[in-house]
Each structure stands twice: as structure tokens, then as C-alpha cells.
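The values are calculated or read from the model by the stated rules, or taken from the named source; none is laboratory data. What you see is a predicted model, and the numbers here were worked out from it, not measured in a lab. Quick reminder, even Gly has a Cβ in these numbers, built from the backbone with ideal geometry, and neighbours come from all protein chains shown.
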Amino acid sequence: MGGAAPTAESVPDAGLVVIEAAAGRLDAPEVAPGVVLLGLHRTGARPREIPDRFDILLSTDPEAPRPWVAVGAQAADAAVDELRAAVARTPIAAAVAAQVLRTSADLAWEAALVVESLAYSMLLAGGEFRAWRAGTPVRGRPSTGRRVELARKDGALLVTLVRAEARNAVDARMRDQLVEALEFALIDPEAGPVVLGADGPAFSSGGDLNEFGDATDVALAHAIRLQQAPVRLAHALGERLAARLHGACVGAGIELPASAARVTAAPDAWFRLPEVGMGLIPGAGGTVSIPRRIGRQRTCFMAISGRDIDARTGLAWGLVDAIEPGGP
């Protein structure tokens, strides 16, 4: 089957529905499961009771706490328009992102990873992703050599991404080498601290776009994604794992380190979840690791808007635990 990708008009009961707070209240209407529900607070008292059904919450109050995303009073309408347009471009992926975040909010880590992988694999076979792949030509060939190196320093095991020439884009080779490194860290007889870092100007530019869409069997892709999941091993390391971020931290470049017990970022670090715009959802554990740091509504805002989040905002939200000078 072929044809154009779905649009908001061609998918029944999809799109963005905006509900504005009034008199300190925010009431959630009954909406279809495929709708992304946005709550907007403009003026007056911020609602204290927020129905759990809301996927994104925007407030013009610059001090608005979690789960709200603060937007300037003059920027509120532009932010809503931006989100509406993003949902209209990939309505199925946007709806699935919101659905997965809602569903997995109360699930255990492993179960939530299964939900994410099932949804991601399904979207790989969808028209929105096919349309993105058709308009994004594959460029170049993958380089060879090591992607991940291990070293010891001051009693810590350093796990370092070393594909600097590709801005540490995560391909299958890097994924597999990360799995090997983290599996070793779990059984390391020294059982000391583990530090995840990267060489080059960026921690990671995310998944290697040249490999997106390689899977011809999405069921097999799901099985492989669960078996070869660095984020699962990172989570298993618990308090032993720290991540040091710098530069671009895109897609997997923030989804994986967000699972660490402590995350520090250089002042130049920035974060983005671009997958919904590609007809997908975060698929490297981000629908599990990131909401557990910043909440599902802020995660949904990141995923659907595709906006860059700077280090200071990441710190304020809890996406990172500290901003420290440094880098590779």
C-alpha cells in the first residue's frame, strides 16, 4: 500500500484540542483517544487541580512549576499555533506519543519500555514515517571502527562515545558496543562508579538517520530493540551511573543519559526530541527515562514541538542535575 501520509483532516478524531483555564479551574472534556489535549493558563490564579487527561500544559506565568511549561504572555498564541501545526503534520505519531506517555506513566520501567518499543515499531510501518524517509535521502556510508571505548580513571569506569566525526550519531554498531560496555559495567568486579561521556563537539546528535527505516520486519525490530537496549542496562546500574553531557543531545543523546542517577551538563548543552516530526516517537527509552525526570506533560511538549531546550531550562526542569564547565 502507498499513497500520501495521513493528515489531521484524514484521521478521524485527531488533532490538538485547547482548553483554557478560567477562574482558577481547568476542566477536561471527553475527547477521542487520538486527540492531544492541551491546557492553557493565561491570567489569574493558576489551577491547583489539573485533570490527569491533559497531555501538555502551558502557562504565561514565568514561575509556573511542573507540570506546566512557561511561555511568555506574548508568546502563548504562537506556542499553541506551533503545537497545532506540529500535530497536523504527523497526527498519528503525535497521538501515539501522547498515548504512550499516558499509558506508561504508572508502569514499571521494564513494562514501559515494552510499550514504547511496540508503539515505535508500529510507527516504523506507518505512512508518516514512510513520507519522512522518502523526503530524507540517505547520505554517505557508515564509518568503521570503534564507537565506544572503556577506560578507568580515579576508580571510575569511563564509557565514552568516540564517533566524533559523525557527532556521535547512534547507529547499530554504537548501540551494540554500548550494550557490551554497560553489560561489562554491571558485572565489573570493581563495581565502582560508571561515567558516560563523549568525545567531539556533541554528546550525540541522536540516531543515525542513514539507518532509519532499514528494518523490513517491524516485529523483529521490536524484539531486537528490547534485547539490545542500552537504556535498560543504564537504568540497572542505578546509583553507580553518571552522565556528562555537552553540545547537542538529540533523541537518543538525551533519552539514554536521562536514565542515569546523576546528569551534569556543560553550559553549551542543549536537548531535543525530533522523532514525532519524523512520524515516530522517542524510541531509545525516552518515553520512560525523561518523564521520570521532568513529568509526562513537559516530555510531551518536547516530543511534539521538537523544540531545543537549553541547559538552563533543562536544569530548572530537572532534566539535568547540575551545569558544570567541561566537555570532552
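Which is of a type in the set (D, E, K, R), over 19 Å from PRO91 (Cα atoms) and either out of contact with any Ser or Thr (no Cβ under 8 Å at 6 or more places or on another chain) or at pLDDT 90 or above (or both), of GLU9, GLU49?
Of GLU9, GLU49, the one residue that is of a type in the set (D, E, K, R), over 19 Å from PRO91 (Cα atoms) and either out of contact with any Ser or Thr (no Cβ under 8 Å at 6 or more places or on another chain) or at pLDDT 90 or above (or both) is GLU49.
The residue that is nearest to GLU255 (Cα to Cα), among those in the range 112-130 that are touching a Ser or Thr at 6+ places or on another chain (Cβ under 9 Å) and among the small types (Gly, Ala, Ser), is ALA112. Taken as a whole, the range 287-295 holds no residue that is in a strand (DSSP E or B), of a type in the set (S, T, N, Q) and under 23 Å from THR160 (Cβ atoms).
Scanning the range 302-316 turns up one or more residues that are surrounded by fewer than 17 Cβ atoms within 10 Å (Cβ to Cβ), outside the structural domain of ILE56 (by TED's automatic domain parsing) and among the aliphatic types (A, V, I, L, M). Only one entry of ARG244, ARG292 meets the criterion of being surrounded by fewer than 20 Cβ atoms within 10 Å (Cβ to Cβ), modelled with pLDDT of 95 or more, farther than 27 Å from ALA78 by Cα and outside the structural domain of ILE50 (by TED's automatic domain parsing), and that entry is ARG292. LEU220 meets the conditions (1) modelled with pLDDT under 95; (2) touching a Lys or Arg at 6+ places or on another chain (Cβ under 8 Å) in every case but one. The failed one is (2).
Residue check: is PHE184 touching a residue at least 12 places away in the same chain (Cβ under 8 Å), touching a strand residue (DSSP E or B) at 6+ places or on another chain (Cβ under 8 Å) and under 17 Å from ALA284 (Cα atoms)? In short, no.
On the basis of being of a type in the set (Ser, Thr, Tyr), within 20 Å of the chain's Cα centre (by Cα) and farther than 19 Å from SER117 by Cα, does SER143 make the cut?
Numbers: of a type in the set (Ser, Thr, Tyr): yes; within 20 Å of the chain's Cα centre (by Cα): no; farther than 19 Å from SER117 by Cα: yes.
In short, no.
The residue that is nearest to ALA131 (Cα to Cα), counting only those in the range 12-25 that are loosely packed, with under 15 Cβ neighbours inside 10 Å and at pLDDT below 85, is PRO12.
Table: residues versus (1) crowded, with 20+ Cβ neighbours inside 10 Å; (2) without any contact (Cβ under 8 Å) to a residue 24 or more places away in the chain.
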{"position": "ASP27", "(1), (2)": "no, no"}
{"position": "HIS41", "(1), (2)": "yes, no"}
{"position": "ALA45", "(1), (2)": "no, yes"}
{"position": "ILE50", "(1), (2)": "no, no"}
{"position": "VAL80", "(1), (2)": "no, no"}
{"position": "VAL87", "(1), (2)": "yes, no"}
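Taking (1) part of a loop (DSSP other than H, G, I, E, B); (2) touching an Asp or Glu at 6+ places or on another chain (Cβ under 7 Å); (3) modelled with pLDDT of 95 or more in turn, VAL320 satisfies each apart from (2). Checking the stated criteria, GLY207 turns out not to satisfy the condition of being at pLDDT below 95, in the same structural domain as ALA311 (by TED's automatic domain parsing) and exposed (fewer than 15 other Cβ atoms within 10 Å of the Cβ).
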